[in-house]
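The structure appears right after this line, and notes come after that.
The values are calculated or read from the model by the stated rules, or taken from the named source; none is laboratory data. Remember, predicted model here, so these are calculated numbers, not experimental data. Cβ atoms come from the backbone with ideal geometry, glycine included; neighbour counts cover every protein chain shown.
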């Protein structure tokens, strides 16, 4: 077994199913010593190499012990399979285009249904309360999937985000609208109501890490400057004047 850990996240690579039971014994011992429990909801079993035929629904002792802990499915990211991994993998896509598209469709469908249920709210249309519902309870619930797991197809992105925008428009403005949706998305100082712009919100979420890497966040650790240099080399078509203006500093040590 080989393991990697970061804070409370742990990844363990096993050579064969024979290592599953010893691993579970170690986890049980650690749980008794630390009073920490295994979070089954965020645990996945990823099959790779020659172990893709492991049947978690089978009669083997490892399979039975995994099911007893609440694990009832495995994941395979080999070519040709539509993989839909949990959101636990913060932006690290271990799947394919079909799995990513499926994740987006599931997340946005749930958000659209949630917006439909919220339309029955007693809050008046156009109110700040409905704006908060659209931002927090509709987009906010789906944001992790939409931000970190993005399809390659621009047509898929546009189609799905338009579904979400339509649901947000119906929630905030109602069916009989006293203000056009594009006008409602303007700030209040420009005679709008500051309505949610789904496309703009997602573009900002995707761009923020890149801007931070390029130097807009002065609190970045010194090692981040290497990412800034990598961004310069990777995107030569960008405005090099602004890129040259970035402050590349290194730590000074005092004895």
Of the numbered conditions (1) modelled with pLDDT of 75 or more; (2) in contact with a helix residue (DSSP H, G or I) (Cβ under 8 Å, 6 or more places away or on another chain), residue 91 fails exactly one; give the number of that condition. (1)
Out of (1) surrounded by 12 or more Cβ atoms within 10 Å (Cβ to Cβ); (2) modelled with pLDDT of 85 or more, the odd one out for residue 10 is which? (2)
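Looking at 211, 207, 179, can you tell me which residue is farther than 21 Å from residue 141 by Cα, within 23 Å of the chain's Cα centre (by Cα) and at pLDDT below 90?
Details: 207 fails: farther than 21 Å from residue 141 by Cα; 179 fails: within 23 Å of the chain's Cα centre (by Cα).
Selected residue: 211, the only one of 211, 207, 179 that is farther than 21 Å from residue 141 by Cα, within 23 Å of the chain's Cα centre (by Cα) and at pLDDT below 90.
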Give the residue that is nearest to residue 50 (Cα to Cα), with candidates limited to residues of segment 10-35 that are outside any helix (DSSP H, G or I) and without any contact (Cβ under 8 Å) to a residue 12 or more places away in the chain. 12
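Looking at the structure I just gave you, is residue 69 more than 27 Å from residue 105 (Cα to Cα), surrounded by 12 or more Cβ atoms within 10 Å (Cβ to Cβ) and at pLDDT below 90?
Working: more than 27 Å from residue 105 (Cα to Cα): yes; surrounded by 12 or more Cβ atoms within 10 Å (Cβ to Cβ): yes; at pLDDT below 90: yes.
For residue 69, the condition - more than 27 Å from residue 105 (Cα to Cα), surrounded by 12 or more Cβ atoms within 10 Å (Cβ to Cβ) and at pLDDT below 90 - is met.
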